[in-house]
1. Under a Cβ-Cβ cut-off of 15 Å, what is the net charge of the residues other than residue 231 that fall near it, where Lys and Arg count +1 and Asp and Glu count -1?
2. What pairs from 193/230; 96/241; 193/234; 234/263 go past 21 Å between their alpha carbons?
3. Accessible area per residue, 1.4 Å probe, Å², for the range 179-263: what's the number?
4. Give me the distance in nm between label points sitting 7 Å out from Cα along the Cα-to-Cβ direction at residue 97 and residue 215, one decimal.
5. Rank by packing, highest mean first: peptides 236-245, 174-183, with packing defined as the count of other Cβ atoms within 10 Å averaged across residues.
6. HN-Hα J couplings of the range 92-98 from phi, Karplus 6.51/-1.76/1.60, θ = phi - 60°, integer Hz, Gly and Pro as x?
7. Can you tell me how the range 172-263 classifies by the Cα gyration tensor, rounded, prolate or oblate, using a/c under 1.5 as the rounded cut?
8. Counting only protein heavy atoms and a 1.4 Å probe, tell me what percentage of the range 46-96's accessible area is made up of carbon and sulfur.
Amino acid sequence: MWANNLRILGVVLGTLALYTLIANKIPQVQSEVPRALTLGANVTPEQLVSAGDELYHGAGGCTACHGLGTRAPNLLTDEKGQGPIGARCGKREPGKDCKAYVYESLTSPRAYVVAGYEPIMPEMGRILSPQQIWALVAFLESQGGTVDVKASDIPAANAPGAPATSSAGPGIAGGSTDPITIIRGAGCTGCHKIGSEGAAIGPNLTHVGSRLSAALIRECILKPDTRVAKGYEKFVGIMPKTFGNQLTGAQLESLVQFLASHK
């Protein structure tokens, strides 16, 4: 009897040790994470544009959709004879100048969807800090237009009432391990439906555990382009590849186990 109990205890401890190892090791690889910005009161337009350029072409993931001419509007080159985004952004939505329009497009992309395109843009304010958002605004304005982003537009990182973002603490949503909080904080519901919440752009996650094992779900989060659900081939590249660094180990495992349990 004691021998059986010891064997059971050994299995339990071994399983716990394995998950602890996975939680601490897996997410610290795979992808680039947006570099935190500290923009002072004397920030120049040139500094904002440079920071936005780095984000656009790097960890911001913008080039996964923009510039292909199919999934999303071209931003750095001509779009249907209207020039690059800085030349047309002030004419796109009535009542909004370029700065207001580009900011809205990044933070509330479904408020105005360009004709001919699907509403697949995630809410970047859930992923990037206000400083990073305004750097992107400045960079996009510079593409054929005039940069009028000012230091006064950019809230201090620790200002009262400043939006909570992935840069506010370790992990997305301040490091919370509640799966629903992670899903909302990471902007997953911008493309995926789970239960009654979310959009029907990417695969439905309501019963994802009946289709994929925990290991495959983990792989899809960390390396989203290696396994594409049938029927969603045209959306390859849209899902951010930054979650491997943005999620803590505990967050990743909490999310994986939560999704795997949805049979």
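The values are calculated or read from the model by the stated rules, or taken from the named source; none is laboratory data. Treat the numbers as computed from the prediction; the structure is a model and nothing was measured. Glycine gets a Cβ as well: all are built from the backbone with ideal geometry, and neighbour counts include every protein chain shown. Surface accessibility is based on the protein's heavy atoms, side chains included, excluding ligands, DNA and RNA. Shrake-Rupley method; radii C 1.70, N 1.55, O 1.52, S 1.80 Å.
1. Values: positive: 193, 211, 227, 230, 234; negative: 118, 233.
So the environment of residue 231 carries a net charge of +3.
2. 96/241; 234/263
3. Result: 45 Å² per residue.
4. The modelled label-to-label distance comes out at 5.7 nm.
5. Packing proxy ranking, top to bottom: 236-245, 174-183.
6. Result, rounded to whole Hz: 6, 10, x, x, 10, 7, 4.
7. rounded
8. Carbon and sulfur together cover 52 percent of it.
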